[in-house]
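Asker: First the structure, which I've put down as structure tokens, then a few questions once you've had a look.
Readers should treat all values here as calculations from the given coordinates under stated rules, not as data from a laboratory. In this text the structure is predicted, and so the values were computed from the model without any measurement. Cβ placement follows ideal geometry from the backbone for every residue including glycine, while neighbour counts extend to all protein chains displayed.
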Amino acid sequence: MNVPALAGAGHAGLPIAGVATPGVAADYALRADGLRKNYGSTVAVDGISFGVRAGEIVGLLGPNGAGKTTTINMVLGVLQPSAGDIRIEGVELARHRSRALAHTNFTAVYAALPGNLTVYQNLRFFSLLYDVPAGVSRIEQLLDEFDLRRLRNTRSGVLSSGEQTRLALAKAMVNEPRLLLLDEPTASLDPSAADLIRSRIRAMAVRTDCGILWTSHNMYEVEEICDRVLFLSRGRILLEGDPRSLPHAHGASSLEELFIRLAREPLGSAPAAAAAPAPKRDAPGAAP
Amino acid sequence: MNLRPIAAIALRQFYLLRSSPTRVLPMIAWVAIDIILWGFISRYLNTVASTGVNFISSLLGAVLFWDFFTRVMQGVTMAFFEDVWSRNFINVFATPLLISEYLTGLVLTGIATSLVGLIVMLVLATWLFGLPFFSLGVLLLPFLLVLFLFGIALGVLASAMVLRLGPASEWLVWPIPALLSPFVGVFYPLSTLPAWMRAVGHLLPPSYVFENMRSVVGGHGYSGSGLLTGIALALLDILLAAWLFTSIYRYAVRSGLLARYAAESVS
Ligand SMILES: Nc1ncnc2c1ncn2[C@@H]1O[C@H](COP(=O)(O)OP(=O)(O)OP(=O)(O)O)[C@@H](O)[C@H]1O
Ligand SMILES: [Mg+2]
């Protein structure tokens, strides 16, 4: 499938990043169009457009304060966009909030689960909130899948960071989401735990065909797991493409180097973004 | 509305209460202390006053009703504060949960916890002081209903306040019942009050309960239209409180407060 390397970034007439050209059928877990968030005169997200296909892992990259968390919060319905449109599985979030969020879930370090509930109680609480019909059997399955059985009756506040991440992921899977938003899911994990979590998520994406939007500051991780990356800076998408071919296409030796260059470039003059034609990329969901 | 999300809010409170004596104790201890204190005050007044008024019925009964109202209100806010204390708003409101389901969950919790308080009070007041509570008969139902509905309204209002003003405004919420009590005539007839306070009292549903209770205990019967007014006002207050909560929730989603509640206020 052909994907434009240059992000639409909200300019009228330009293709939406990750949104297929007309005639190419694609299942979108998420589509955001002209998404913007202003706080007074501060523009946190500046009219971005992008999509996440079913089964695809899209990395949302960018320096601190670029607007990644703001974007995720808007998709989660806890922050109202100043402008723009969000569709989850084709359902418009602003108009059908409950229906759109029924098959969405997320993890974020800044949104820890209530520490005074046990692992089981947390999963039960959220399975009911997400209106999961066979909640109890689903929880038993998740306890095994995420190695939480031995911690079942432990209060989540005393879990180690890695264990909390596993619980957060189990909670995020409780409603079998079609769209998963992961805000720095491996930020506090040791390399081995992070590796395990990544392979779990990757396997899950392949198995369930769920679309994933993933933010991370670990470029090695992004290259390994993401099918595609969006590079956000000061609320705009500067660049978009395959994390393995992007650096080369833009004259950088690694994704890390490309990141640093883009992060330091003044807004509006992103020559890297203007260079190179759209690279061909692997099919979404394909193993790296 | 779906049942599971409503049950989630109530079940979470049950989990917390089950394992937390610090949450259970206040549900029981404060009302018990009140009943014992006012029980003895009433008993003493019965021995020194020769007015023919039974203070156990009029005074202790009024305290019991008033404490029931505050327990309903606090039962609702308590469940809401759990989300404040555990910084849980993003997790809860990023689900398909509707505001109406959330509020219903809080109310269910308020019903359950206030019933525990009511039972404790009834047992103590009848057993220790011989309060003839059930002599009010079927009138108990409208009395409790008005207080219950108004407790819900104030609980939702208080939750809306804390959502808007931040966790520290909890300190503004606790004294609300004390602030209202002079106006609703818990301990004295509204006629005792100056005109402007009486006017405020007439806007507050509990005043109809206490006026009627005193009248019935004094053998003068009750006012059906008064009680209906109380119920109607309380229902109106619930609608107003739910509207206010929803508006503040919408503001919090628009302004970024909900997503960054730790900031306590944005912009
Ligand atoms: N409620 C708010 N009021 C004012 N400014 C805000 C608010 N929320 C976020 N911002 C600002 O919006 C910008 C984007 O923040 P955001 O949290 O989305 O960045 P981020 O890309 O997630 O950064 P990081 O990598 O550090 O997590 C920041 O400059 C932040 O200060
Ligand atoms: Mg962030």
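Asker: Averaged over A:72-79, how many beta carbons belonging to a partner chain fall within 10 Å of each residue's beta carbon?
Answerer: Mean number of neighbouring Cβ atoms from other chains: 6.
Asker: Take every residue in peptide B:161-172, count the Cβ atoms of other chains within 10 Å of its Cβ, and give the average of those counts.
Answerer: That average works out to 0.
Asker: Additional query: Tell me the label-point distance for the pair residue A:155, residue B:127, using the 7 Å Cα-to-Cβ offset, in nm and rounded to one decimal.
Answerer: 3.1 nm
Asker: Let me ask something additional. Tell me, B:1, A:173, B:197, B:73 in order of fewest to most beta-carbon neighbours within 10 Å?
Answerer: B:1, B:197, A:173, B:73
Asker: Okay, moving on. Treating each Cα of chain B as an identical point scatterer and ignoring solvent, apply the Debye formula and state log10 I(q)/I(0) at q = 0.16, 0.17 Å⁻¹.
Answerer: Scattering profile of chain B, log10 relative to I(0): -1.21, -1.32.
Asker: For the Cα atoms of chain B, what angle does the longest principal axis make with the long axis of helix B:3-18, in degrees from 0 to 90, nearest 10?
Answerer: The answer is roughly 70 degrees.
Asker: Using the Cα atoms as the points, what is the convex hull volume per residue of the protein assembly as shown in Å³?
Answerer: Here the figure is 162 Å³ per residue.
Asker: Net charge around residue B:171, counting only other residues with Cβ within less than 15 Å of its Cβ (Lys, Arg = +1; Asp, Glu = -1)?
Answerer: Summing Lys and Arg as +1 and Asp and Glu as -1 gives -1.
Asker: A further question on this structure: If I take the Cα coordinates of segment B:86-133 and project them onto the principal axes, what are the three extents in Å, biggest first?
Answerer: 51, 21, 7
Asker: What ranking, highest mean first, results for peptides B:200-209, B:126-135, B:96-105 when packing means the other Cβ atoms within 10 Å averaged over each residue?
Answerer: B:200-209, B:96-105, B:126-135
Asker: How do B:196, B:38 line up, fewest other C-beta atoms within 10 Å first? Show your work: numbers first, answer last.
Answerer: Numbers: B:196 9, B:38 23.
Arranged by neighbour count, lowest to highest, B:196, B:38 become B:196, B:38.
Asker: Using a cut-off of 10 Å between beta-carbons, work out the net charge of the residues near residue A:151 (Lys and Arg +1, Asp and Glu -1, residue A:151 not included).
Answerer: Summing Lys and Arg as +1 and Asp and Glu as -1 gives +3.
Asker: So what is the relative contact order of segment B:3-255, in percent, for Cα pairs below 8 Å that sit 6 or more residues apart?
Answerer: 23 percent
Asker: Now, a different point. Go through segment A:96-165 and name the chymotrypsin sites (Phe, Trp or Tyr not before Pro) that are in a DSSP coil and have 14 or fewer other Cβ atoms within 10 Å of their Cβ.
Answerer: Taking segment A:96-165 and a limit of 14 other Cβ atoms within 10 Å, the loop chymotrypsin sites (Phe, Trp or Tyr not before Pro) found are A:110.
Asker: Note down the net charge around residue A:209, summing +1 for each Lys or Arg and -1 for each Asp or Glu among other residues with Cβ under 10 Å from its Cβ. Kindly include the intermediate steps, with their values, before the conclusion.
Answerer: Working: positive: A:53, A:178, A:207; negative: A:27, A:56.
Its environment carries a net charge of +1.
Asker: How many partner chain Cβ atoms sit within 10 Å of a residue's Cβ in peptide B:95-105, on average, as a whole number?
Answerer: 4
Asker: Return the distance in nm (one decimal) between the two label points of a simple spin-label model at residue B:51 and residue B:215, each offset 7 Å from Cα along Cα→Cβ.
Answerer: Placing both labels 7 Å along Cα→Cβ, they lie 1.9 nm apart.
Asker: In debye, nearest 20, what is the charge dipole magnitude of the protein assembly as shown about its Cα centre with +1 on Lys and Arg Cβ and -1 on Asp and Glu Cβ, if you could check? List each step's numbers first, then the result.
Answerer: Values: 43 positive and 38 negative charges, 120 e Å.
That gives a dipole near 580 debye.
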